[in-house]
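The values are calculated or read from the model by the stated rules, or taken from the named source; none is laboratory data. These numbers were taken from a predicted model, which means no experiment stands behind them. Note that we place each Cβ from the backbone using ideal geometry, even for glycine, and neighbour counts take in every protein chain shown. Surface accessibility is based on the protein's heavy atoms, side chains included, excluding ligands, DNA and RNA. Shrake-Rupley method; radii C 1.70, N 1.55, O 1.52, S 1.80 Å.
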Amino acid sequence: MKANTLRYGMIGCGMMGQEHLRNMALLPQAQAVAIYEPDAGMRAAALALAPHARAVDSMEAVIDAADVDALVITSPNFCHADQLLAIAARRPLPVLVEKPACTDLASVSRLRDMLRQTQQPIWTAMEYRYMPPITELVKQVHAQTVTGSAVMLSIREHRYPFLEKVGDWNRFNKNTGGTLVEKCCHFFDLMRLIMQADPIRLFASGGQNHNHKDESYPEGRPDIIDNAMVVLDFPGGRRAMLELCMFAEGSRYQEEICVVGAQGKIECKVPGPTRFWPADTLGEPPVAQLIVSPRHPAGPRTLDIPVDPQLLAAGDHNGSTFYQHQKFLAVLQGQGQVEVSLADGLAAVVIGLAAEHSAKTGEVVDLTQGPWSLV
Ligand SMILES: NC(=O)c1ccc[n+]([C@@H]2O[C@H](COP(=O)([O-])OP(=O)(O)OC[C@H]3O[C@@H](n4cnc5c(N)ncnc54)[C@H](O)[C@@H]3O)[C@@H](O)[C@H]2O)c1
């Protein structure tokens, strides 16, 4: 191990934890050294990807390990809040915590209290920010090169149903926070980033129309929604919309993001995980695109945004897990700042919970005061 290698402890190491391990392995100065993973199969798969790491038998053993410099939390959603609180109380190491930071309003409040008392660097893993086509779109929107000031934003995700997980934790709202938290906190985070503001109000319509309806578990039948539309108002008469459909894996692109301002429009199209593309029948997977459409002179231009094949192969998220780790490593080395704070992660959870509430009740939710306040 090189003298300046940063050593990581993993808390939970299933599908996403293993994507983190594959991407950390591409960074010469990052190395996983301790892994707490309760499931024997997942533990063996994780150790195969990180042969220098050892398995330990509790979260506390990872936190206390003298050779651990930073922690990565990739346990199920409902574990994150208690694990963050335990780390802050026991040994406040820098943490990269997978989204969503928590699953209910009570935990949002506990974590906000914690944040008032700690200087600990905590980065909420919001991989979508670091997908190359989305990074480029955000850069151009903020520079106002194509759109001028952004007025309308729409994010559409058409994808495959939730995958099977260890213990089927992702089939129930109580474990995930609900689909609009579990899946869509990414998109609410992107909306805050792109619009450079917090939304002030939202309305959502959503339901469980197709997926998991014939499944049954000891806890009962899955109660997670599989499609939704959410409309959000932003200050200054600006607005955003999310369209989620989780029975649309036949699509060429998984995410389509469109921003319009007075001067023009910019869009990006992002393919889903390469491993799900039916290459045997359809050939090479689609390449991400950025489309710029100014009003004067009118004329759309399409640019391909290819992603390094090695990074595509290391995960399901268009190379973003690598770029995020690169930046998290820079924080650990004292050469960078946390870009997605825990406060950002909590804001995305509150918007997701508010959208779940709106979809259930038909209410418009005020995000500026009361239980759904974003600050
Ligand atoms: N950012 C993204 O795009 C993205 C994508 C997928 C998953 N995720 C997030 O990553 C997290 C893990 O999801 P996953 O898909 O890897 O699920 P998973 O079920 O494959 O992995 C979770 C692992 O945590 C282990 N675990 C269970 N209880 C634990 C505990 N108390 N402490 C530590 N580990 C425990 C399980 O045995 C399992 O192996 C979730 O929060 C999920 O939302 C994020």
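Below, the figures for the structure above:
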item: Residues located in the stretch 246-278, provided they are touching a Pro at 6+ places or on another chain (Cβ under 7 Å), modelled with pLDDT of 95 or more, open to solvent by 20 Å² or more (accessible area, probe 1.4 Å) and not in a loop (DSSP other than H, G, I, E, B); result: none
item: When residues of the stretch 303-327 are limited to those that are farther than 16 Å from residue 49 by Cβ and within 14 Å of the ligand (Cβ to nearest atom), the one most open to solvent (accessible area, probe 1.4 Å); result: 323
item: Flag if residue 331 is touching a Pro at 6+ places or on another chain (Cβ under 6 Å), closer than 29 Å to residue 103 by Cα and either exposed (fewer than 12 other Cβ atoms within 10 Å of the Cβ) or β-branched (Val, Ile, Thr) (or both); result: yes
item: Residue that is nearest to residue 64 (Cα to Cα) [pool: residues in the stretch 18-39 that are open to solvent by 10 Å² or more (accessible area, probe 1.4 Å) and near the ligand (Cβ under 8 Å from one of its atoms)]; result: 36
item: 2 or more residues without any contact (Cβ under 8 Å) to a residue 60 or more places away in the chain: qualifying strands (runs of 3 or more DSSP E) within the stretch 1-116; result: 30-36, 54-56
item: Residue identified as closer than 13 Å to residue 10 by Cβ, open to solvent by 20 Å² or more (accessible area, probe 1.4 Å) and either under 24 Å from the mean Cα position of the chain (by Cα) or not assigned by TED's automatic domain parsing to the domain that holds residue 323 (or both) among 129, 54, 110; result: 54
item: The stretch 226-245 - residue that is more than 12 Å from residue 202 (Cα to Cα) and among the hydrophobic types (A, V, I, L, M, F, W, C) and, of those, most open to solvent (accessible area, probe 1.4 Å); result: 245
item: Residues located in the stretch 82-97, provided they are surrounded by fewer than 23 Cβ atoms within 10 Å (Cβ to Cβ) and either within 12 Å of the ligand (Cβ to nearest atom) or not assigned by TED's automatic domain parsing to the domain that holds residue 114 (or both); result: 82, 83, 86
item: Where a residue in the stretch 337-349 is farther than 13 Å from residue 99 by Cβ and its partner, wherever it lies, is in a helix (DSSP H, G or I), with Cβ under 6 Å and at least six apart; result: 338/331
item: Some residue of the stretch 68-77 being under 16 Å from residue 340 (Cβ atoms), outside the structural domain of residue 345 (by TED's automatic domain parsing), away from the ligand (no atom under 16 Å from the Cβ) and open to solvent by less than 20 Å² (accessible area, probe 1.4 Å); result: yes
item: Test: residue in the stretch 341-358 that is assigned to a loop (DSSP other than H, G, I, E, B), of a type outside the set (Lys, Arg) and open to solvent by less than 50 Å² (accessible area, probe 1.4 Å); result: no
item: Among residues of the stretch 144-201, those that are over 26 Å from residue 15 (Cα atoms) and either within 12 Å of the ligand (Cβ to nearest atom) or more than 16 Å from the chain's Cα centre (by Cα) (or both), counted; result: 18
item: Test result for residue 46, within 11 Å of the ligand (Cβ to nearest atom) and at pLDDT 95 or above; result: yes
item: Verdict on residue 337 being over 20 Å from residue 25 (Cα atoms), in the same structural domain as residue 368 (by TED's automatic domain parsing), surrounded by fewer than 21 Cβ atoms within 10 Å (Cβ to Cβ) and modelled with pLDDT of 95 or more; result: yes
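Every residue, every condition in (1) open to solvent by less than 30 Å² (accessible area, probe 1.4 Å); (2) closer than 20 Å to residue 349 by Cβ; (3) not acidic (Asp, Glu), yes or no:
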| site | (1), (2), (3) |
| --- | --- |
| 99 | yes, yes, yes |
| 139 | no, no, yes |
| 169 | no, yes, yes |
| 172 | yes, yes, yes |
| 175 | yes, yes, yes |
